[in-house]
Amino acid sequence: MVAASFGLVAGWPIGLRGQAPAGPLPAAQPQPPSSPDAQPQEQSVPVKPRTSILGAWKLNRDESDDPRKKMQDARGADAGRGGGGGGRGGVRMGIPGMGGGPYGGRKGGGGGNESDEDRQRMQEVVNSSRTLTVAEAKKDVEIDVFDDQQRKTAIFTDGRKLQKTKDSTTQEIAAHWDGNRLVTDEKTPKGQKMSRTYELSYDGTQLYETLRLTRGRSNSQVSIRYVYDQAETRTTNSPQSRQ
């Protein structure tokens, strides 16, 4: 009888004897997407092209020229031509706040007679603004440009006599239209020719501001281009442009 019982037990299937008691199943582990295409893609909002230079803009540093390098290259070229290099100091950087002493250097290039006001003005001329707001104050006559310090530049294209203002936050500048490009007619602090050109990119998504100035005894030309992307128009105390 005992032997028969033993035989019966031994005859059970091995899998049945080793089966664990029923219990909760482990939670399913999340599986990564099968391919990169299965991952959600961020949808960028397309930039709506503009039809004029009017509007709010923000500086694109990656696509803009480096003014310090541009001025260094110009001074190096002048020194190579013997055009006011000023000896070993001829290739020194000359933009205030960027190293290398005052604009034009202490010797050579006519920089020794510069006043603090001239140096400050040149620094403002060469340095770019982080933002620009371009507004039309009077159609085909006056364009106002506001920088990141809310300083106003009133640009007139009707040939009027400009008013000299003592307020450093406002200045008047003569300009003319060259097709769709707005070109200013200005002078550097040393009285040499200078201009800024404001124009829309070919696809209407960026603003190009190109500074062209004459410098040094050799009257060499320097061109610096700043690129601005579209920015949201914010409500401020200054007039806003029409889109």
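With respect to the stated conditions, Gly159 fails to be more than 23 Å from the chain's Cα centre (by Cα) and buried (at least 16 other Cβ atoms within 10 Å of the Cβ). Within region 38-66, if we keep just the residues that are closer than 17 Å to Asp203 by Cβ and at pLDDT below 75, the residue that is least open to solvent (accessible area, probe 1.4 Å) turns out to be Ser44. Checked against (1) surrounded by fewer than 18 Cβ atoms within 10 Å (Cβ to Cβ); (2) over 26 Å from Glu117 (Cα atoms); (3) among the β-branched types (Val, Ile, Thr), Thr197 passes all but condition (2). If you go through region 169-189 and keep only what is basic (Lys, Arg) and in contact with an Asp or Glu (Cβ under 9 Å, 6 or more places away or on another chain), you end up with just Arg181. What residue, among those in region 213-229 that are more than 23 Å from the chain's Cα centre (by Cα) and among the hydroxyl-bearing types (Ser, Thr, Tyr), is modelled with the lowest pLDDT? Filtering region 213-229 for residues that are more than 23 Å from the chain's Cα centre (by Cα) and among the hydroxyl-bearing types (Ser, Thr, Tyr), the one modelled with the lowest pLDDT comes out as Ser218. On the stretch given as region 115-161, residues that are closer than 22 Å to Val227 by Cα, among the polar types (S, T, N, Q) and not in a strand (DSSP E or B) total 6. Do we find that Leu182 is part of a strand (DSSP E or B), among the hydrophobic types (A, V, I, L, M, F, W, C), modelled with pLDDT of 95 or more and under 21 Å from Asp65 (Cβ atoms) in this structure? Criteria met by Leu182. In region 67-87, the qualifying residues are those that are open to solvent by less than 40 Å² (accessible area, probe 1.4 Å) and at positive phi, and the one that is modelled with the lowest pLDDT is Gly86.
If I ask for residues that are buried (at least 16 other Cβ atoms within 10 Å of the Cβ), farther than 19 Å from Lys58 by Cα and not acidic (Asp, Glu), which ones from region 175-194 would you list? Hits for region 175-194 are Ala175, Val183, Thr184, Thr188, Pro189, Lys190, Met194.
The values are calculated or read from the model by the stated rules, or taken from the named source; none is laboratory data. None of these values were measured; they are calculated from a predicted model. Ideal geometry is used to build each Cβ from the backbone, glycine not excepted, and the neighbour counts take in all protein chains shown. Remember, those area values only see protein heavy atoms, side chains included, never the ligands or the DNA or RNA. Shrake-Rupley method; radii C 1.70, N 1.55, O 1.52, S 1.80 Å.
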